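K.L.:
Below is a structure I'd like to ask you about.
The values are calculated or read from the model by the stated rules, or taken from the named source; none is laboratory data. All figures in this text were calculated on a predicted structure; none of them were measured in a lab. Every residue, glycine among them, receives a Cβ derived from its backbone with ideal geometry; neighbour counts consider all protein chains shown. Note: areas computed on protein heavy atoms with side chains; ligands, DNA, RNA excluded. Shrake-Rupley method; radii C 1.70, N 1.55, O 1.52, S 1.80 Å.
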Amino acid sequence: MSSPENTFACRRLLILDDEPRILAALKEVLERAGYQIVATTRPDVALDRLKGERFGVLISDQLMPGMTGLEFFKEAQRLQPNASRVLITGVTSLPTLVDAINQGEIFRFLAKPWLREELLITISNGVDRNALLMQNEILLNTTSQLNESLAKANTTLQAQVTQLASQGKELTSANQELKLRYDHSLELCSRILATYDPLLAGQTKAIAGIVEQMNKSSHLSPQEREALTISAWLCDIGLIGFSRELFHSFLRHPERLTEREIASIHSHPTYSQTLATFVDGRHLVGETVRAHHERFDGKGYPDHLAGETIPWTARCLAVAVYFVECRLPTEQALDAVQKAAGTALDPEAVRLFRTTTHLHPLPRSVSEVMLEDLKPGMVLASGIYSPHGMLLVGEGQALNPGTISKIQNHNFTAPICQRLLVYS
């Protein structure tokens with residue numbers, strides 16, 4: 001868009017004619033049409049004005065003493081190439097005028113005597129042409145500046161991209177190094193446990209194996225899976241602070257221990273939490289390690305947490321720990337885990353354990369699901385009972401939103417501890 005200054009300059013006209021009478025006539029007509037006029041009879045004065053002021057249209061007579069109109073326009077074209085040049089003459093030959101127009105020296109020519117209407121239309125067109133050329137020049141300058149800025153920005157961006165790529169490589173290398181050190185830390189903890197007691201190391205490895213299967217469930221977020229994996233390896237690291245004799249007595253003959261000795265062993269999750277922070281400082285890891293011996297009924301240790309006040313990851317880890325520490329054949333250990341649902345263990349965590357580890361084979365037509373997985377249309381392969389033995393939903397019944405809501409509401413007030421079996 002043209003600025004007010006540019007619009008004003010486009011309507012400023014320079015008239016050159018050696019005849020004062022014609023000069024005055026042209027000036028009067030064009031001033032009445034609203035143009036600003038600079039008029040002179042001398043070409044040298046006109047050229048000086050072109051050096052200091054911008055004009056939209058230049059009007060010149062052809063035959064003048066010392067310089068012709070075309071000679072004036074050639075010099076004017078060098079000074080103000082965008083100004084429209086109009087030649088007024090009565091004697092120049094047609095070939096000369098055609099050549100002047102074709103070479104860009106003049107925009108239009110008017111024959112003397114001119115017609116007022118033709119003069120005004122010619123000047124108006126010359127003003128419009130000058131405005132268009134000025135606008136194009138502004139756009140070209142703006143485009144050139146933008147292209148220059150864009151080139152600089154692209155150069156800067158390329159440098160930043162190169163820098164980011166370099167930093168990315170450094171970060172990847174640092175992450176790989178960090179992961180390697182992290183894995184070495186876990187390996188070191190595993191070897192420390194193996195040195196302290198091979199049985200404890202084997203037990204930890206078994207717990208980690210079960211957790212790996214449980215982590216395949218969508219009921220755990222990526223952060224929870226990571227925390228559960230690390231916690232499985234570190235949950236018993238605090239036991240290395242006790243004598244082997246005390247640890248073995250706790251495993252084989254806990255009834256022979258004094259209350260003080262049992263209380264000491266029960267403090268090992270807090271020691272494990274402290275040591276775990278040297279390997280992984282995430283809060284969830286520490287919470288999970290500390291609470292892996294809490295019980296769903298609140299009778300666990302070290303903080304006597306109950307129900308959903310125990311972190312979900314700790315409730316899941318507790319099932320794996322319970323299963324391994326039973327030290328029973330698989331079927332008997334599974335029965336022990338199921339019987340502990342609702343007391344020592346969270347029933348939903350038990351269901352997660354059973355549905356992910358598949359340690360107990362089911363008929364092909366039956367699947368075990370979690371409470372959250374119940375969907376309308378599923379058909380129960382076994383009845384669902386309350387903890388007091390009351391039938392809530394019978395075997396073979398198709399689930400609908402109402403029955404699912406009934407089951408969930410009952411579980412909220414009195415946890416449903418049994419397995420949830422549906423036909424596939």
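K.L.:
Going highest first, how would you order 322-330, 343-351 by mean Cβ packing within 10 Å? Could you put the intermediate results ahead of the total?
P.N.:
Details: 322-330: 15.9, 343-351: 23.8.
The peptides rank, most packed first, as 343-351, 322-330.
K.L.:
Could I ask something else about it? Mean-square fluctuation check for the chain, GNM, Cα pairs under 10 Å: which of Met390, Met214, Met378 is largest?
P.N.:
With Cα springs under 10 Å in the chain, the top fluctuation among Met390, Met214, Met378 is at Met390.
K.L.:
How much length, in nm to one decimal, is gained on full extension between Val366 and Glu75, taken as 0.36 nm per residue of separation minus their Cα-Cα distance? Working shown, then result.
P.N.:
Working: separation 291, 0.36 × 291 = 104.76 nm, distance 10.04 nm.
Difference between extended and current length: 94.7 nm.
K.L.:
Name the residue, out of Val393, Val211, Val285, whose mean-square fluctuation peaks in a Gaussian network model built on the chain with Cα pairs under 10 Å.
P.N.:
Comparing Val393, Val211, Val285 in the GNM, the peak value goes to Val393.
K.L.:
Per residue, how much accessible surface does the chain expose to a 1.4 Å probe? Answer in Å², no decimals. Don't skip to the end; give the middle numbers.
P.N.:
Details: 22860 Å² over 424 residues.
That works out to 54 Å² per residue.
K.L.:
Here's another thing I want to ask about it. If we count every other residue with Cβ under 14 angstrom of Cys326's Cβ, Lys/Arg +1 and Asp/Glu -1, where does the sum land?
P.N.:
-1
K.L.:
Skipping prolines and chain starts, which residues have an amide H placed within reach, meaning under 5 Å, of the one on Ile59, given they are 5 or more residues away or on another chain?
P.N.:
Leu14, Ile15, Leu16, Val86
K.L.:
To continue, here is another question. What is the antiparallel percent of DSSP beta bridges lying wholly in the chain, to the nearest 5? Provide the component values of the computation, followed by the final result.
P.N.:
Details: 8 of 27 bridges.
Once the DSSP bridges in the chain are tallied, antiparallel ones form about 30 percent.
K.L.:
Under a plain spin-label model, where a point goes 7 Å from the Cα along Cα-to-Cβ, how far apart in nm are Asp128 and Tyr385?
P.N.:
Between Asp128 and Tyr385, the label points sit 9.9 nm apart.
K.L.:
Assigning unit charges at the beta carbon (Lys, Arg +1; Asp, Glu -1) and nothing else, what dipole magnitude in debye, to the nearest 20, does region 149-218 show about its Cα centre?
P.N.:
Details: 7 positive and 6 negative charges, 48 e Å.
So the dipole magnitude of region 149-218 works out to roughly 240 debye.
K.L.:
Hey, of (1) 40.5; (2) 24.3; (3) 27.7, which did the structure itself give for mean projected area of the Cα convex hull in nm² when calculated?
P.N.:
(1)
K.L.:
Turning to a different aspect of this structure: Provide the per-residue ³J(HN,Hα) series for region 296-309, in order, calculated from phi with Karplus coefficients 6.51, -1.76, 1.60 and θ = phi - 60°, each as a whole number of Hz, with x at glycine and proline positions.
P.N.:
After applying 6.51 cos²θ - 1.76 cosθ + 1.60, I find 4, 8, x, 9, x, 8, x, 10, 6, 6, 9, x, 7, 6 Hz.
K.L.:
Could you compute the FRET efficiency for Thr270 and Ala206, with r as their C-beta to C-beta distance and R0 at 22 Å, rounded to 0.05?
P.N.:
Details: r = 23 Å, r/R0 = 1.06.
Rounded to the nearest 0.05, the efficiency is 0.40.
K.L.:
Would you be so kind as to identify which of Leu234, Cys316, Thr330 lies farthest towards the positive end of the dipole of the chain, taking Lys and Arg as +1 and Asp and Glu as -1 on Cβ and the Cα centre as origin?
P.N.:
Ranked along the dipole, the leading option is Thr330.
K.L.:
Enter the per residue convex hull volume of region 120-258, computed from alpha-carbon coordinates, in Å³ rounded to the nearest integer.
P.N.:
On the way: hull volume 29.5 nm³, N = 139.
Per-residue hull volume (Cα only) is 213 Å³.
K.L.:
Counting Lys +1, Arg +1, Asp -1, Glu -1, what net charge surrounds Arg354 among other residues with beta carbon under 15 Å of its beta carbon?
P.N.:
Details: positive: Lys216, Arg315, Lys339, Arg351, Arg419; negative: Glu331, Asp335, Asp346, Glu348, Glu368, Glu372, Asp373.
Net charge in that neighbourhood comes out at -2.
K.L.:
Further question: For every other residue with a beta carbon closer than 13 angstrom to the beta carbon of Ser190, add +1 if it is Lys or Arg and -1 if Asp or Glu, then tell me the sum.
P.N.:
Numbers: positive: Arg191, Lys205; negative: Asp183, Glu187, Asp197, Asp236.
For residues surrounding Ser190, the net value is -2.
K.L.:
Name the long-range amide H neighbours of Leu420: under 5 Å, sequence gap of 5 or more, or other chain; modelled H, no Pro or chain starts.
P.N.:
Those qualifying (amide H under 5 Å, at least 5 residues apart or on another chain) are Val369.
K.L.:
Taking all protein chains as present, what is the carbon and sulfur share of the accessible area of the chain, in % to the nearest whole number, probe 1.4 Å? Don't skip to the end; give the middle numbers.
P.N.:
Values: 12870 of 22860 Å².
Looking at the chain in its full context, I get 56 percent from C and S.
K.L.:
I would also like to ask the following. Please report the spacing between the Cα centers of region 118-142 and region 22-91 in Å, no decimals.
P.N.:
16
K.L.:
Let me ask something else about it. If you stretched the chain out fully between Arg32 and Leu251, how much longer would it get, using 0.36 nm times the residue separation minus the C-alpha to C-alpha distance?
P.N.:
Working: separation 219, 0.36 × 219 = 78.84 nm, distance 11.55 nm.
Roughly 67.3 nm would be gained on extension.
K.L.:
Taking R0 as 41 Å, what's the FRET efficiency between Leu146 and Ala111 from their Cβ-Cβ distance, rounded to 0.05? Display every interim value, and only then the final one.
P.N.:
Values: r = 46 Å, r/R0 = 1.11.
Efficiency at R0 = 41 Å is approximately 0.35.
K.L.:
With charges set only on the Cβ (+1 for Lys and Arg, -1 for Asp and Glu), what does the dipole of the chain come to about its Cα centre, in debye to the nearest 20?
P.N.:
Working: 41 positive and 47 negative charges, 55 e Å.
With Lys and Arg at +1 and Asp and Glu at -1, about 260 debye.
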